[in-house]
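The values are calculated or read from the model by the stated rules, or taken from the named source; none is laboratory data. Since this is a predicted model, take the numbers as computed values, not measurements. When we count neighbours, we look across all protein chains shown, and the Cβ atoms used for this are built from the backbone with ideal geometry, even at glycine.
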Amino acid sequence: MAAVGSSASTRIVTEGEPLTLSCRYSIKRYGPSSVCWGRGCGALWCSGIIVQTDGSRVVSKVSEKYRLAGDLQSGLVDLTITNVSRKDKGPYCCRVDIDGYFNDKKRLQLLNPRDPTLSKNSLPPPYPARPEPLHSTDTWLRIQPSLAVEADGVNHSSILSTAGTMEETSYQHQLQIPVLSLCLCLLFLLVLGSTALLAFRRRIHKTDFTTERLQTRRPVEENIYTLD
């Protein structure tokens, strides 16, 4: 038997609270019909049956935790689950037995219990957003004492002071990088200049030595010419 009509929805409820899952059908159209509530719709009938009726009264129920709310004679077969717990999480199917093949009316609902400790009142208050610096790091450091306030027992003065110190340290590191680069450039130029100066001096010395040798050899050649 399949469904004449079926639907699925998700219900969220806080643990420990009751929850009612709705299900109804038309008595005028189908007449009093057997109904089952289970943890699944099953192939022929509910699987994991929780409670079921014969159309006029409840014929079986697994626990007092579950009860049918509404007038069965009017087609109202809502299921109420008392004291919802984490174990109740999952699908719940209401299935109405309609005469004929593939005529059953089914409604599938998903139950999702919520931890009661996760309420909005139990969440810690958010920290106030830190204002942006107006002009520079120095300006931020000057205005931070006036922004140090006590809220919910938290000393924001120390938080703001730490943030200002971190920004100042970062700024100092940024200044150290250009200074280091400048020193390396000056050292390179100094080495390059020293190398060029040594090469120039060696060249001058070599030129002077060559000139001196030529001047020394010229009288000898002249003396030889005179002897001839």
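Worth pointing out:
- Any hit, the stretch 106-127, residues being of a type in the set (G, A, S) and modelled with pLDDT of 90 or more: no
- Residues satisfying the stated conditions in the stretch 32-66, i.e. under 18 Å from L21 (Cα atoms) and either of a type in the set (K, R) or not assigned by TED's automatic domain parsing to the domain that holds S22 (or both): R39, K61, K65
- Of the residues contained in the stretch 78-92, none is found to be over 20 Å from E17 (Cβ atoms) and modelled with pLDDT of 95 or more.
- Residues that are assigned to a strand (DSSP E or B) and either among the β-branched types (V, I, T) or under 19 Å from G70 (Cβ atoms) (or both) within the stretch 29-54 comprise V35, C36, W37, G38, I49, I50, V51, Q52, T53, listed in sequence order.
- Sole exception among (1) part of a strand (DSSP E or B); (2) surrounded by fewer than 13 Cβ atoms within 10 Å (Cβ to Cβ); (3) in contact (Cβ under 8 Å) with a residue 12 or more places away in the chain for S60, by number: (3)
- Residue match in the stretch 67-80 (condition: assigned to a loop (DSSP other than H, G, I, E, B), of a type in the set (V, I, T) and in the same structural domain as T14 (by TED's automatic domain parsing)): yes
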